[in-house]
């Protein structure tokens with residue numbers, strides 16, 4: 001509201017030179033330029049990385065400073081002038097609330113390039129950022145230096161590290177080069193693929209449970225195949241997801257209704273990229289939910305997501321009554337009604 005009242009304009013730039021021009025009431029902001037906070041004691045290269053978003057807030061503090069000209073012309077030992085000290089105090093207050101590193105002067109150790117305007121290091125020196133859907137994504141440990149580029153992470157989802165894969169191994173133990181069993185996200189056609197990427201990180205966790213008792217713990221940003229398309233985990237309730245039940249050497253694959261979505265807090269997840277289909281993972285051996293296989297470096301992957309319309313309860317039919325199943329293996333005769341109940 002202060003921007004509208006004061007007639008302030010934000011001009012997006014790409015040179016990292018964030019600034020406020022009082023004469024034209026214009027903020028120049030680079031959304032891909034983070035800031036490495038300088039150690040006031042010069043003991044280490046940097047005390048952490050601030051997000052570009054915090055840089056925008058700093059310039060906004062200048063733009064809404066009612067005494068900007070007077071403060072600009074008043075010297076300040078730490079910040080050069082009182083205008084920077086005023087903006088710095090506001091910046092520090094917000095940084096503390098958000099868990100970003102705090103500057104104690106107007107200096108910087110460097111300006112790393114980042115792909116997400118909210119990427120920063122938190123109080124535990126872990127890379128952190130907001131996703132486009134309002135969830136928090138976590139990367140690895142910050143190395144303590146001043147990077148040229150911040151690490152690329154998030155932009156996709158992952159399964160909890162203790163999730164089981166059909167081979168019997170846990171997701172956290174898989175490595176590049178390992179072959180996994182896969183299925184197509186639409187037709188459920190089976191196949192195999194070789195892991196080309198596997199990385200552990202932290203994420204906000206959810207537990208998906210279907211009407212047959214099949215469950216999977218994964219990140220909030222995991223796109224899961226449904227009949228409607230790829231849907232983020234928090235939005236899966238009352239939608240059909242693909243499940244796989246293994247029993248006596250035979251696998252039954254079909255669609256099953258999601259009956260419960262539970263938020264469970266921070267979890268350790270494994271981001272896996274494999275082949276050209278989706279992979280199976282589950283909370284228990286022998287029962288799995290199909291999970292996306294979108295590469296984190298693929299641009300525009302979020303355009304593949306679907307936001308389904310809420311389904312009224314009286315419009316929801318049991319999945320096993322209207323969905324054909326795929327049976328893999330020679331001993332399929334043991335699959336009877338009720339065989340999928342936990």
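The values are calculated or read from the model by the stated rules, or taken from the named source; none is laboratory data. Keep in mind that this is a model prediction, so the values were computed, not measured. Don't worry about glycine lacking a Cβ; one is built from the backbone with ideal geometry, like all the others, and counts go over all protein chains shown.
Summary of values
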item	result
Among residues of the range 64-83, those that are outside any helix (DSSP H, G or I) and either in contact with a helix residue (DSSP H, G or I) (Cβ under 9 Å, 6 or more places away or on another chain) or under 23 Å from residue 38 (Cβ atoms) (or both), counted	12
Within the range 96-119, considering residues that are farther than 20 Å from residue 151 by Cα and out of contact with any strand residue (DSSP E or B) (no Cβ under 8 Å at 6 or more places or on another chain), the one surrounded by the fewest Cβ atoms within 10 Å (Cβ to Cβ)	97
Some residue of the range 4-17 being touching a helix residue (DSSP H, G or I) at 6+ places or on another chain (Cβ under 6 Å) and either farther than 27 Å from residue 122 by Cβ or not in a loop (DSSP other than H, G, I, E, B) (or both)	yes
One residue from 8, 37 being crowded, with 16+ Cβ neighbours inside 10 Å, touching a strand residue (DSSP E or B) at 6+ places or on another chain (Cβ under 9 Å) and in contact (Cβ under 8 Å) with a residue 60 or more places away in the chain	37
Residue in the range 50-71 that is in contact (Cβ under 8 Å) with a residue 24 or more places away in the chain, assigned by TED's automatic domain parsing to the domain that holds residue 115 and more than 25 Å from residue 130 (Cβ to Cβ) present	yes
Sole exception among (1) in a loop (DSSP other than H, G, I, E, B); (2) in the same structural domain as residue 36 (by TED's automatic domain parsing) for residue 97, by number	(1)
Residue in the range 25-32 that is in contact with a helix residue (DSSP H, G or I) (Cβ under 6 Å, 6 or more places away or on another chain) and part of a loop (DSSP other than H, G, I, E, B) present	yes
The listed residue being at pLDDT 95 or above, over 20 Å from residue 20 (Cα atoms) and touching a helix residue (DSSP H, G or I) at 6+ places or on another chain (Cβ under 9 Å), out of 96, 100	100
Count - residues of the range 191-215 that are within 18 Å of residue 292 (Cβ to Cβ) and either touching a helix residue (DSSP H, G or I) at 6+ places or on another chain (Cβ under 8 Å) or modelled with pLDDT of 95 or more (or both)	7
Odd one out for residue 261, checked against (1) buried (at least 23 other Cβ atoms within 10 Å of the Cβ); (2) part of a strand (DSSP E or B); (3) in contact with a helix residue (DSSP H, G or I) (Cβ under 9 Å, 6 or more places away or on another chain)	(1)
Some residue of the range 66-81 being under 34 Å from the mean Cα position of the chain (by Cα) and farther than 13 Å from residue 108 by Cβ	no
Residue match in the range 109-129 (condition: outside the structural domain of residue 88 (by TED's automatic domain parsing) and part of a loop (DSSP other than H, G, I, E, B))	no
